[in-house]
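Peer 1: Right, I'll just put the structure down here and ask away after.
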Amino acid sequence: MAIKAFFLVALCLCIVLPFSTSHHGPFRVKGRVYCDTCRAGFETNVTTYIAGAKVRVECKDRESLAVEYRKEGVTDSTGTYSIQVEHDHGDHLCEILFVSSPVADCKVPDPGRSKASIVLTRTENGVVNDLHYANALGCYKDVPLPECYQLLQYYLADDA
């Protein structure tokens, strides 16, 4: 009888304990910024990543849409940014926004890839990891690379 009671208590603790030890450290948001060298609207084999691009995390109130949190970051030599975000933003709509590119012929943001939604809460979605990845943000190259026509034909080829 005592052994059954012990296992029952142990099972209950295994279920409840992870939820009772909530972690309230900062989040880390990572992502990349790329130059759409083919103006395709997506990353390709000839996509380059932009070092020194500026991005911003913004979290807005769900009802008023007033910005409640804002923090900027810059990409490294691989076009990757990593921004530390303080506090849980469960009541906010959060996005990563493209701010600027230092590449002279790749500054115009792709309207479909200039921002990415991101969830920054632990309370509503069950995510316990502090590291959150955002979709890549993209800019259009002023003039597509010469090899893009052939590359896009390959991507659009019908295998049927």
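Peer 1: Every residue in the range 1-49 that is closer than 29 Å to Asp88 by Cα and modelled with pLDDT of 90 or more, please.
Peer 2: Correct list: Arg28, Val29, Lys30, Gly31, Arg32, Val33, Tyr34.
Peer 1: Okay, moving on. Condition check: under 18 Å from Pro26 (Cα atoms), of a type in the set (Gly, Ala, Ser) and touching a residue at least 60 places away in the same chain (Cβ under 8 Å). Does Ala134 satisfy that?
Peer 2: yes
Peer 1: A further question follows. Tell me which residues, restricted to the range 61-113, are among the polar types (S, T, N, Q), surrounded by 13 or more Cβ atoms within 10 Å (Cβ to Cβ) and either farther than 15 Å from Gly31 by Cβ or touching a Leu at 6+ places or on another chain (Cβ under 7 Å) (or both).
Peer 2: Passing the criteria: only Ser100.
Peer 1: Return the only residue of Arg56, Arg70 being outside any loop (DSSP other than H, G, I, E, B) and free of Cβ contacts under 8 Å to residues at least 24 places away in the same chain.
Peer 2: Among Arg56, Arg70, only Arg70 is outside any loop (DSSP other than H, G, I, E, B) and free of Cβ contacts under 8 Å to residues at least 24 places away in the same chain.
Peer 1: Still on this structure, I have one more. Would you pick out the residues in the range 118-140 that are at pLDDT below 90 and not β-branched (Val, Ile, Thr)?
Peer 2: Listed by number, the residues that qualify are Leu120, Arg122, Glu124, Asn125, Gly126, Asn129, Asp130, Leu131, His132.
Peer 1: Now a separate question. For the range 121-130, does any single residue satisfy the condition of being part of a loop (DSSP other than H, G, I, E, B), in contact with a Ser or Thr (Cβ under 9 Å, 6 or more places away or on another chain), within 30 Å of Pro146 (Cα to Cα) and not hydrophobic (A, V, I, L, M, F, W, C)?
Peer 2: Checked against the condition, which is being part of a loop (DSSP other than H, G, I, E, B), in contact with a Ser or Thr (Cβ under 9 Å, 6 or more places away or on another chain), within 30 Å of Pro146 (Cα to Cα) and not hydrophobic (A, V, I, L, M, F, W, C), the range 121-130 yields no hits at all.
Peer 1: Being crowded, with 18+ Cβ neighbours inside 10 Å and of a type in the set (Lys, Arg) is the filter here, so list the residues in the range 40-55 that pass it.
Peer 2: If the condition is that a residue be crowded, with 18+ Cβ neighbours inside 10 Å and of a type in the set (Lys, Arg), then no residue fits.
Peer 1: Could you list all residues from the range 67-122 that are in contact with a Lys or Arg (Cβ under 6 Å, 6 or more places away or on another chain) and on the phi > 0 side of the Ramachandran plot?
Peer 2: The answer is Gly79, and nothing else.
The values are calculated or read from the model by the stated rules, or taken from the named source; none is laboratory data. The model shown is predicted, which means the values in this text are computed figures rather than measured ones. Counting neighbours? That spans all protein chains shown, and the Cβs are built from the backbone with ideal geometry, glycine included.
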